[in-house]
1. Just grab the label-to-label distance for GLU137 and ARG369, each label 7 Å out from Cα along the Cβ direction, in nm (one decimal).
2. Go ahead and estimate [θ] at 222 nm for the chain from helices alone: -39,500 (n - 2.57) per DSSP H run with n ≥ 4, summed, over the residue count, rounded to 500.
3. Take every DSSP beta bridge with both residues inside segment 175-275 and express the antiparallel ones as a percent of the total, to the nearest 5.
4. Helix 158-172 sits at what angle to the longest principal axis of the chain, using alpha carbons and giving 0 to 90 degrees rounded to 10?
5. Averaged per residue, what accessible area in Å² does the chain show with a 1.4 Å probe, protein chains only?
6. Taking all protein chains as present, what is the carbon and sulfur share of the accessible area of the chain, in % to the nearest whole number, probe 1.4 Å?
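The values are calculated or read from the model by the stated rules, or taken from the named source; none is laboratory data. Note that the structure is predicted; figures quoted are calculated from it, not measured. Positions of Cβ are backbone-derived with ideal geometry, glycine not excepted, and every protein chain shown enters the neighbour counts. When the accessible area is computed, the model is the full protein with side chains, heavy atoms only, and any ligands, DNA or RNA have been set aside. Shrake-Rupley method; radii C 1.70, N 1.55, O 1.52, S 1.80 Å.
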Amino acid sequence: MGREGTDFLQLHRRAAPRGGLTAWLVAEVRGAVAEGRLAAGAVLPPTRTLAQDLGVSRGVVVEAYRRLADEGLVVSRVGAGTVVVGSVTGPPPAPVVAPAATGPLLPARTPAGVDVDLSPGVPDLAAFPRAAWLRAERAVLATAGAADLGYGDPRGSARLRTELAARLARTRGLRVDAGQVVVVSGVAQSLALVAQVLRARGAATVAMEDPGSRGARDQLAHWGLEVLPVPVDDDGLRVAELAATPARAAVLTPAHQFPTGVVLAPHRRRELLAWARAADGLVVEDDYDAEHRYDRAPVPALQASAPEHVVHTGSTSKTLAPGMRLGWLVPPPALHADLVAAKHASDLGSPVLPQLVLAELLAGGAHDRHLRLVRTRQRARRDAVVAALARHLPSARVEGAAAGLHLLVTFPDGGPDDVELAARAREAGVLVHPLSWHRRLPGPPGLVLGYAAHTPDRLTEAVARLGRAVGGARLGRVLAAPGG
């Protein structure tokens, strides 16, 4: 690419830490502003020029400038370029072991210029069961009484809670009755309510898998909890390292860990529940992707083994559509009243008509029929991505179980910055998530690919583009991908 060095601040790419080009560039510019080497009014080099000088993708520089703008240090002006406008008080911040997450707010809409969006977590929205939903809605409107449309129980519709309790007991092994279930507007609201209750009870920290969902981490931090990263390996969360933190609550995705795709191993389940009992701790079980296991039945939910220490939550965002904003929360008895009060203070209760329609779909079996249909489709789509990766990106290692709506590919240690890889892919019209968006601790570079929203042919084409886009990067030695 370029000469890998620039006169601007005497920057040189070789000075950047492995796998952190964007964060390094942000820190260098921030430090120059703090030290007065870049005064207010100074113009930064054009993104294309600086990228060429450093020998990096232009997307790395664009992302660095965006982060600096978010900090209020620079602003882009038409005809003037990117200009320093702010200052930093005191010396530049010292590096920390687990830096705060960077990147856009997630989930995000598909940006302009992208024609294949492989963002994780998006189901096949074209398969939404419109006819079944319409039939169920007509039935609900024909039978709902006037009282059903008024202010109701903040826990949600009694009919839906009854159907959810039965289904969770049947399919996930929960020990639950309708009175324990709280209807929420997705897992995001569950995390918000739990965070508020924990803060009100004096908690300051919560542990979370790392890598783990950026969106969940941002949600918890928004409500004032310090999120402590705990490493994940092939067996899931490392419970011994969780026990070494001051946190007495932990958020996990044990059925299909996001984004690595691993399933919490039996011995780790036992260790986790033993930790919760010994520490009087709380496990927040996000039942992510439990319905989408393709090679075997999903593992039972943790809640059944320790209902007094586990908050179980899930949603219809992956089985129906995220726009429905329908989910459930099953808390331990000791937290139930406080969480219901927090839900009431938040919105007085979720919209009732969608609740009643979902109850109708569950009662009549239409929801399960839809799930069986899309599960077959998703397996074929995952297989198409795995085959295309083996052909077009053989250096990529496919991680995790055959489940869910996404997969993670990693590259050997010492490979290129994954933000740069994602920027290259975006220039080719393919949107993927760099693994570093979902990670705070060091680790190999990787890309998170969602496959549910596209046909196998479209996915094969997208992976071919991805292979051509990132093929110019130095990906290191070839690794064999495990079977899908």
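1. Going by the 7 Å Cα→Cβ label model, 1.9 nm.
2. Mean residue ellipticity at 222 nm (helix-derived): -12000 deg cm²/dmol.
3. So the antiparallel bridges in segment 175-275 amount to around 20 percent.
4. 70
5. 43
6. 55
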